[in-house]
Amino acid sequence: MTLQTASVDGIFRALSDATRRSVVERLGVRPASVSELAAPYGMALPSFVEHLKVLEGAGLVRSRKVGRVRTYELEIEQFKLVDDWLQRQRSMWERRLDRLDAYLEALNKERSK
């Protein structure tokens, strides 16, 4: 397994949870403090912080602490890894579907004779 594959796996693992996906969407708008991010969720702060640790461990977010306030923001570069992977998958499936389409057209022409 390559480092890039491991990174993509970790990113998908981190994004497999609805709470973490929601946090990523919110951070897409602007950086936010832990308390701002946790406010909409009915869970204890330590439980919510675990979600942030998973996102940070996957490299999707980074945090900085100023005084007593820890602020999180997206780490855009990591999302490019996923985008590249998805582009490769899309290209592969488009080629396969194009070949299937050509085969079905040829089969159809053969039946029409």
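Here, each number is a calculation from the coordinates, and none is a lab measurement. In this text, all values refer to a predicted model and were calculated from it rather than measured experimentally. Cβ placement follows ideal geometry from the backbone for every residue including glycine, while neighbour counts extend to all protein chains displayed.
Data overview
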read-out	value
Cβ-Cβ FRET estimate between SER63 and ASP17, R0 fixed at 22 Å, reported to 0.05	0.75
Mean separation of Cα contacts under 8 Å (6+ apart) over length of the stretch 3-112, as relative contact order %	27
Calculated [θ] (222 nm, deg cm²/dmol) that DSSP helices of n ≥ 4 give over the chain, each run adding -39,500 (n - 2.57)	-22500 deg cm²/dmol
With Cα atoms, 0 to 90° folded angle of helix 76-112 axis to the chain main axis	20
Gyration tensor verdict on the chain (Cα atoms; rounded if a/c is under 1.5, prolate if a/b is larger than b/c, oblate otherwise)	prolate
R0 of 35 Å, Cβ-Cβ distance LYS53-ASP98: FRET efficiency to nearest 0.05	0.20
